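I have placed the structure first, in the form of structure tokens, so that the comments after it can refer back to it.
Each value in this text was obtained by applying a stated rule to the coordinates, not by laboratory testing. Since we're looking at a predicted model, the values are computed, not measured. Note: ideal-geometry Cβ built from the backbone for every residue, glycine included; neighbour counts use all protein chains shown.
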Amino acid sequence: MSIRLRLTLWYSGLLAVTLVAFGFLVYYVVYHNTMQDVRHKLRSEADNMGYDFNIGNFTQTPLTLRESGELGRDQMGAQLILYTQDGKGVMGDQTSFLLQNNIQFPYPDQKHARDRFVKYKVNGHPFYVLEQSLYLRGSDKVVALLQIAAYTYKEETLFSQLRTILLLTGAAGLLVAFLLGLFLSRKALRPIEQVTEAAERIQSGVDLSIRIPGNSQDEIGRLRSTLNHMLERIERAYNGLEETNIAQRRFVSDASHELRTPLTTIRGNVDFLEKIWADSGRQSGGAEDAESAGASGRALTIAERESMSKEAIHDIADEARRMSRLVNDLLSLARADAGYVMDMERVELKSLAEEAARRAAFLPRTAEWKLGSLDALDGVWVKGNRDYLLQLLFIFIENGFKYTPSGEVRLESVRADDKVGLIVSDTGIGMSREEVPHIFDRFYRVDVSRGQTPGTGLGLSIAKWIADMHNASLEVRTKLGEGSRFIVWLPIDFSEPPECDIIEGTVRPELPNRET
């Protein structure tokens, strides 16, 4: 059974109980007031009804009823029951209204006579009768019973019509309420159906951009708003996951490509070494010199084999270093993806920059290395990891040397409020505006440099991670053909260094007790 039908049935059931209770209340009030009025009129008629009889022998002098003119004969009548010595009742007198209509009410025996109101139906006609006991004067003996009846056809017709009206209106109201409840529950639960439809469409993978329409401020509206926010977050997470998967596949593909190149070179040189040293009488076919030697039929001398071996070993060493750098870069990026947290301490920035400048002078380069002013770093401390900050500077410096075939690479500093900037600038090939947003992507290399300069395209990605870990920002200014300028903005640490280290507590030796 659906929630819509259950809500309608609950609502209709409560309404039915309410209507029944209301109908009973209305019927009771109308019935009680109407019959109370009839009872009042009957008592008033009884008080006005005259009767007398002989005190001695009342059975020989019948009691005479006098009709009251206060009410019409077609509405009210009376009869008198006399009791004999044995307690049996006999008819004493009747008003003309009862005589003319041949109406006679049943009457109880003397021992059952008492004052009461009772309903009788005679010849299909309804009557409401007041029975009033009559006593012998000066005694408590019941000698007669006076029955005054009101013809209640109009009242009974009113009650019947009222019951019919209450029944029909109650049934009609319940039917209308049921249909209206179905309509209102459908309208009220429409947002739930929309939520279900959206969930089914999302489950089928049709479209994650689905949102539940509506802008009401009720409970359903708040649920709709909450679900829309949740769907928005799910969509962002799903899209982010898709982008991550795409980037991961591209990363694995690029890493495989970068690793395959040095491995191919190493394997080729190893095969070449095996061939030239396999057998002194066997001609090697792995190198150009060996091929020419084999073509002339001359065996390679030991000096020639040693020279070729040194060249192959040199190539193997270069490729091994290249692979080592690539693996280290991949390890750094793997740490970044795994949420690696660096150990931080207060670092004096000027000494760090001077050390980076001193080491940079020994890097292989074709451009001139210049050290600009570092006065902005005087007395400046930052919170960070010294080794990683050095690596960050070296990445920019090495890139400057790599992409500056002629000209200069410069390191200098600048300060702005609570931040200090380390500037690495070059006069190299530069970059176009379209390439700048992608330079921190993994394995990305500008089109101008591809195939012309060695590298893996991971350096700037690592630099971006190190900067993020230090709450630093990177600023890039570049122009194609004129060079690039990288600025690392680091927040200054203004905390006071501790004057002394905390000495760890030690257990003091117990001294022997002295006798006084």
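Given a Förster radius of 25 Å and the C-beta distance between Thr226 and Lys187 as r, what FRET efficiency does 1/(1 + (r/R0)^6) yield to the nearest 0.05?
The calculated FRET efficiency here is 0.75.
Return the sequence-ordered ³J(HN,Hα) values of the range 409-415 in whole Hz as given by the Karplus equation 6.51 cos²θ - 1.76 cosθ + 1.60 applied to θ = phi - 60°, using x for Gly and Pro.
For the range 409-415, the Karplus-derived couplings read 10, 10, 10, 8, 9, 8, 10 Hz, x marking Gly and Pro.
What's the extension gain from Met91 to Val30 if we count 0.36 nm per residue and subtract their Cα-Cα distance?
18.4 nm
To one decimal place, what Kirkwood hydrodynamic radius in Å is obtained for the range 315-393 from all pairs of distinct Cα atoms?
15.1 Å
Arranged by the count of other C-beta atoms within 10 angstrom, fewest first, what order do Val26, Val382, Val143 take?
Val26, Val143, Val382
Assuming 1.306 mPa s and 10 °C, estimate D for the range 370-411 with Stokes-Einstein, Rh taken as the Kirkwood radius over Cα pairs, in µm²/s.
In µm²/s, the coefficient is 132.
Fewest to most neighbouring Cβ within 10 Å: what's the order for Ile103, Ile302?
Ile302, Ile103
By how many nm would the segment from Leu480 to Glu368 lengthen if fully extended, with 0.36 nm per residue of separation less the alpha-carbon distance?
38.3 nm
Label points 7 Å out from Cα along the Cβ direction at Leu99 and Thr18: separation in nm?
For the pair Leu99/Thr18, the computed spacing is 5.9 nm.
Give the order of Asp93, Asp315 when sorted by the count of other beta carbons within 10 angstrom, beginning with the fewest.
So the ranking, lowest neighbour count to highest, is Asp315, Asp93.
Using a Förster distance of 56 Å, how high is the FRET efficiency between Leu179 and Arg249, based on the Cβ-Cβ distance and rounded to 0.05?
0.45
Hey, rough spin-label estimate for Thr301 and Val436, points 7 angstrom out along Cα→Cβ, what's it come to in nanometres?
6.1 nm
Give me the extension gain from Asp315 to Lys111: residue separation times 0.36 nm, minus the current Cα-Cα distance, reported in nm with one decimal.
59.5 nm
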